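Here's the structure, in structure tokens; my notes come after.
The values are calculated or read from the model by the stated rules, or taken from the named source; none is laboratory data. In this text, all values refer to a predicted model and were calculated from it rather than measured experimentally. Heads up, the Cβs are rebuilt from the backbone with ideal geometry, glycines too, and the neighbour counts pull from every protein chain shown. Quick note on the areas: whole protein, heavy atoms, side chains included, nothing else; ligands and nucleic acids left out. Shrake-Rupley method; radii C 1.70, N 1.55, O 1.52, S 1.80 Å.
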Amino acid sequence: MKSSLIPEKPILVYPGLAATLGLEESVLLSVLTDLASQAQTAQSNGFEWATISADRLRAAVPFWQDQDLVRVCNSLHGKGVLLVGSARFGEHGEFRFAFNERLASQHHTGHTQTRGQPQVQPRPQPGLQHIGPQWQPDHHTLAQLAQHNIPESFARQQVPEFITYWRERGEAQRSWGAKFLQHVIRQWRQYEAQLHRQQKANEMLASWRPSDETIETLETNLGIKREFLEDIIAEFVVFWRERGEAAENWDSKFIAHATREWRRFCERQNQQDQGSLMHDNWRPSPDAMEMLTVHSGVRSEFCEDAIPEFVFYWKDVGDAHKNWNAKFVQHVRLQWKKFQSALEHSTDPKPIPVDWQPSEDVYDVLRLANIDLRFAHGLIPEFVIYWRDSNQLHTSWNTRFLQHAKREWARQHGQANASNGTPQQRSTRDISLEEELSDRSWAY
């Protein structure tokens, strides 16, 4: 039985090899082995080199990009499995490689052999030497590289390729350290230039927009409205341009950003639907104030005075409401009605007015007590002056005045007990205003 989903030739992956080298390395090694068996090969320095077109290798592994092939090739090269020609994959139309396995029928004698035609390596001139297979840069060369800010790890990665290239060419040099220094500096500059180009390509542009596929995915799969997505694009671009970072896939970052912002937006909407708590800085809206002052005839000062009490009460209760303005309008209207109905008989403490006069009810009580009304009327100025100077508040000035008038009447008309030596109480006319005001017995 064969599935219609597998129309192509399979790639063999060996479990033991994958466990040793890595899965990607094992896959590429298997593909290169298959391609090498069909490619033109040439023997050189004890290795059999194969040359294939770059497009052929791309077609064999369509699931990889060029940078992936370069990365896996470098990994195999660093692990001593694969030898790569002087040109890395993607730099030319062809890719030259060899497996790091010497031919059993050859011993390295300095000869390079192509199929059917051996080539003799020239003898080195005096003072020159060929590079050996175990050559390594000395400390002096590495120190010079450090002066160019080139990491030692990067330099040592270039050693196998450097040795392979010059052993293939068969040339001799007076100083391989100097040659290696030039080679590594050139490779490092190419590496930095490639990184710079890649970073520039991946930087956030001011004109960036997510792809249509990304917008459609967010709308269809996550239910995010297109208007919401359009609103957050500019914010997303500005944020990443200010940070100056680069990313390989900005659409993926935008999907994560849009998902997070949409979730926050929905949470805020749910909180508004469920009502909000009262806070210290709450104030009624202009529409609510207009409804109270214009349409209900409530004084604006009365409304302003009601705000702190309203905020304090509902903060203390801790309830949440959808419309605090409607709650406030209802509260002020009720308080205004109570204020108007109790305006004449208020129980709230208040200072005595400058033109205060006792009510008719007070005079009725004085008549019942047989107190002269002209006497009582004469007490009003001193009574008003005292309480205005004291700046105290009381709920009923009528009650205070009745108590004062009764005490003063009793003081004037009380008779002394001669037998007990009790002096007769003095009249208010005999008592100075200073003494009268300092006597607070009637004030309690």
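Taking the criterion of being more than 23 Å from PRO349 (Cβ to Cβ) and assigned to a loop (DSSP other than H, G, I, E, B), the residues of region 366-398 that qualify are ALA369, ASN370, ILE371, ASP372. Remark: pairs (first residue in region 134-145, under 16 Å from ILE185 (Cα atoms) and in a helix (DSSP H, G or I); second residue open to solvent by less than 50 Å² (accessible area, probe 1.4 Å) and β-branched (Val, Ile, Thr); Cβ separation under 8 Å; 6+ apart in sequence or on different chains) = LEU145/VAL184; LEU145/ILE185. Filtered by the rule that a residue be at pLDDT 85 or above, assigned to a loop (DSSP other than H, G, I, E, B) and open to solvent by 90 Å² or more (accessible area, probe 1.4 Å), region 313-365 gives VAL354, ASP355, GLN357.
Any residue at all in region 268-282 that's in a loop (DSSP other than H, G, I, E, B), farther than 30 Å from HIS404 by Cβ, modelled with pLDDT of 85 or more and of a type in the set (S, T, N, Q)? Yes. Pairs only if they're at least six apart or on different chains, beta carbon under 6 angstrom, first in region 188-201 and more than 15 Å from PHE154 (Cα to Cα), second of a type in the set (A, V, I, L, M, F, W, C) and modelled with pLDDT of 65 or more; list them, first residue then second. Close Cβ pairs (under 6 Å, with a partner that is of a type in the set (A, V, I, L, M, F, W, C) and modelled with pLDDT of 65 or more) amount to GLN199/ALA246. For the structure I just gave you, tell me whether ARG96 is within 24 Å of VAL184 (Cα to Cα) and open to solvent by 70 Å² or more (accessible area, probe 1.4 Å). Yes, satisfied.
In region 42-54, the residues that are at positive phi form Cβ pairs under 6 Å with partners that are open to solvent by 30 Å² or more (accessible area, probe 1.4 Å) and among the polar types (S, T, N, Q), at six or more places apart or across chains, as follows: GLY46/GLN106.
With respect to the conditions (1) surrounded by fewer than 18 Cβ atoms within 10 Å (Cβ to Cβ); (2) charged (D, E, K, R); (3) within 27 Å of VAL184 (Cα to Cα), GLU25 falls short on a single one, namely (1). Contact annotation: residue pairs with Cβ atoms under 7 Å, 6 or more positions apart or on different chains, pairing a residue in region 224-239 that is among the basic types (Lys, Arg) with a partner that is surrounded by 12 or more Cβ atoms within 10 Å (Cβ to Cβ), are ARG226/ILE215; ARG226/GLU219. Is it the case that ALA50 is touching a strand residue (DSSP E or B) at 6+ places or on another chain (Cβ under 6 Å), of a type in the set (A, V, I, L, M, F, W, C) and open to solvent by less than 40 Å² (accessible area, probe 1.4 Å)? Answer is yes for this residue.
Within region 210-239, the set of residues being outside any helix (DSSP H, G or I) and open to solvent by less than 60 Å² (accessible area, probe 1.4 Å) comprises PRO210, SER211, GLY223, ILE224.
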